[in-house]
Amino acid sequence: MEASERPQRYHRKGRTLGRKIAMNWQLYVLLVIPTSFLVLFNYLPMLGAQIAFRNFNPIDGIWHSPWVGFDQFNQFLNSPYFWPILKNTLRISLYSLGVGIPCAIILAIAINEVKHVRFKKLVQLATYAPYFISTVVMVGILQIILNPSTGLFGQFGHALDIKNPYDMLGSPGAFPSVYVWSGVWQETGYAAVIYLAALSGVNPELYEAAKIDGATRIRKIYHIDLPSLIPTFTVLLILGVGGVLSVGFEKVFLMQNMLNISSSEIISTYVYKVGLIDTNYSFGVAVGLFNSVVGLILILIVNTVARKISNASLF
């Protein structure tokens, strides 16, 4: 294409774009509010991330505080708390992924196999309802049940003449299991809905063909249901791995005590204590930014691997 033709082509494209906007101006007006919200509350606050590279002083403000570069990150990486809290975070998060996803898939397949409509809806309701329990109430339920002195577990132990029942809430070794399995009870029903939606899109002719071929129910699950869940499983796995360092703050913080602190101190609770309680804002932002960057890197790696292995990826 000659150079003289390029401005004409770009001019035609610009005129076509302007015509499209004029014809659909109502839709663009509707986009103004959500776009403004996104820019105002999601992108502009990113300017505050520079606190991680400054020795922030509220009097000097963000822009005039002294620049210290990567000193805050080096302080965190060289801290004696770095490896313990990283180990705790990874253990709880990977434990949650390793248990939560299979439980959601098994529940979805089980519900999908139920033919009685009313019973099926009842099971869905019973498994989905715990998701609406708030985190504070959930931790309160755990304390009521597992308290070794006044809880149901403690009362049951005393009834069996056990003088010192095992303190699950105060045991560092039991903390990850209590956190994960209580989360499975609360969230599996909600996660199963996503897999049920994927199963509802399976072509019924596949089940009919499998039935004609004499396939058992287990064979149908293995050859039809599970392959149909691979794309959904891949996307959820990528998102889960991306948030592997972002274990839920509220529940961990509420379950945390001086007895289990060695296994319950994770990155998010550490950021809260250092950034807000100790008012070391720069260090807290640096730890949070480190968390976000690692999560982004993990998403990119897992997404690339998933795309090459199964041709199913997030992007």
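Structural remarks
- Pair list, Cβ < 9 Å and 6+ apart or interchain, from region 182-205 residues that are in the same structural domain as residue 99 (by TED's automatic domain parsing) and among the acidic types (Asp, Glu) to residues that are surrounded by 15 or more Cβ atoms within 10 Å (Cβ to Cβ) and in a helix (DSSP H, G or I): 187/100; 187/104; 187/130
- The number of residues in region 256-284 that are in contact with a Pro (Cβ under 9 Å, 6 or more places away or on another chain) and among the acidic types (Asp, Glu) comes to 1.
- Residue check, residue 152 touching a Gly at 6+ places or on another chain (Cβ under 9 Å), modelled with pLDDT under 90 and not basic (Lys, Arg): no
- Search result, residues across region 201-210 that are closer than 20 Å to residue 120 by Cβ and surrounded by 10 or more Cβ atoms within 10 Å (Cβ to Cβ): 202, 207
- Of the helices (runs of 4 or more DSSP H) lying entirely inside region 104-165, those containing at least 2 residues that are open to solvent by 40 Å² or more (accessible area, probe 1.4 Å) and closer than 18 Å to residue 197 by Cα span 117-128.
- Selected residue (criterion: farthest from the chain's Cα centre (by Cα)) from residues of region 62-90 that are over 19 Å from residue 245 (Cβ atoms) and open to solvent by less than 20 Å² (accessible area, probe 1.4 Å): 65
- Residue 179, sole failed condition from (1) hydroxyl-bearing (Ser, Thr, Tyr); (2) touching a Lys or Arg at 6+ places or on another chain (Cβ under 8 Å); (3) part of a loop (DSSP other than H, G, I, E, B): (3)
- Filtering region 290-315 to residues that are among the basic types (Lys, Arg) and loosely packed, with under 12 Cβ neighbours inside 10 Å leaves only 308.
- One residue alone among 287, 241 is under 30 Å from residue 194 (Cβ atoms), aliphatic (A, V, I, L, M) and either open to solvent by 30 Å² or more (accessible area, probe 1.4 Å) or out of contact with any Pro (no Cβ under 7 Å at 6 or more places or on another chain) (or both), and that residue is 241.
The values are calculated or read from the model by the stated rules, or taken from the named source; none is laboratory data. Keep in mind it's a predicted model, so treat the numbers as computed, not measured. Because the Cβ atoms are built from the backbone with ideal geometry, glycine has one as well, and the counts that use them run over all protein chains shown. The protein model used for the area step is the full one, side chains on, heavy atoms only, and it has no ligands, DNA or RNA in it. Shrake-Rupley method; radii C 1.70, N 1.55, O 1.52, S 1.80 Å.
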